[in-house]
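Take a look at the structure set out below.
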Amino acid sequence: MTDSILTRYYGHVDAGDDAGALALVADDAALSMTIFDSTTQGEGKQAFVDYLAGRGAVSRTHEVARVQVDGDVEFVAGAVVNEDDSVPGYFLAAATVRDGLIVRYQVIMDATFQLAPRPGL
């Protein structure tokens, strides 16, 4: 798998390391997240702080199926997987990166539409 800022970000999020995830976000970052039928948008690192705090304790991980880096833009597709290996949804994320930090982040998660197959399945 290609190393990217987004895959590192998800690694920190999945490990419950919010501080590590936030260390990869620029102070002037912006986000737009559509999770199923709900969209959250925000400006500044605080938007990421608020989102991560709102997740609470979670026992699911981001299983990355595809990564593409094109200059300052990264794309990641995969599945969110629960501890019991069930999949509540599939995601497609994109980020613009500056100086190794996420400055713009957009993600869409759908319960059934899978862009790329899960690794090993």
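Worth a mention:
- Scanning the range 25-45 for residues that are among the acidic types (Asp, Glu) and either in contact (Cβ under 8 Å) with a residue 12 or more places away in the chain or surrounded by 15 or more Cβ atoms within 10 Å (Cβ to Cβ) (or both) returns Asp27, Asp28, Glu43.
- From Gly20, Gly11, Gly44, Gly16, residue being out of contact with any strand residue (DSSP E or B) (no Cβ under 7 Å at 6 or more places or on another chain) and on the phi > 0 side of the Ramachandran plot: Gly16
- Put simply, of Ala57, Ala47, Ala65, Ala53 the only residue that is aliphatic (A, V, I, L, M) and part of a strand (DSSP E or B) is Ala65.
- Taken over the range 67-121, the criterion of being modelled with pLDDT under 95 and closer than 21 Å to Asp27 by Cα is satisfied by no residue.
- Take the conditions (1) among the hydrophobic types (A, V, I, L, M, F, W, C); (2) closer than 23 Å to Ala29 by Cβ; (3) under 11 Å from the mean Cα position of the chain (by Cα); Ala53 misses just one of them, which is (3).
- Taking the criterion of being within 20 Å of Tyr90 (Cα to Cα) and assigned to a helix (DSSP H, G or I), the residues of the range 5-44 that qualify are Ile5, Leu6, Thr7, Arg8, Tyr9, Tyr10, Gly11, His12, Val13, Asp14.
- Residues that are among the hydrophobic types (A, V, I, L, M, F, W, C) and either closer than 10 Å to Thr2 by Cα or surrounded by 15 or more Cβ atoms within 10 Å (Cβ to Cβ) (or both), drawn from the range 61-76: Val64, Ala65, Val67, Val69, Phe75, Val76
The values are calculated or read from the model by the stated rules, or taken from the named source; none is laboratory data. All values derive from a computational prediction rather than experimental measurement. With ideal geometry, Cβ positions are generated from the backbone for all residues, glycine too; neighbour counts draw on all protein chains shown.
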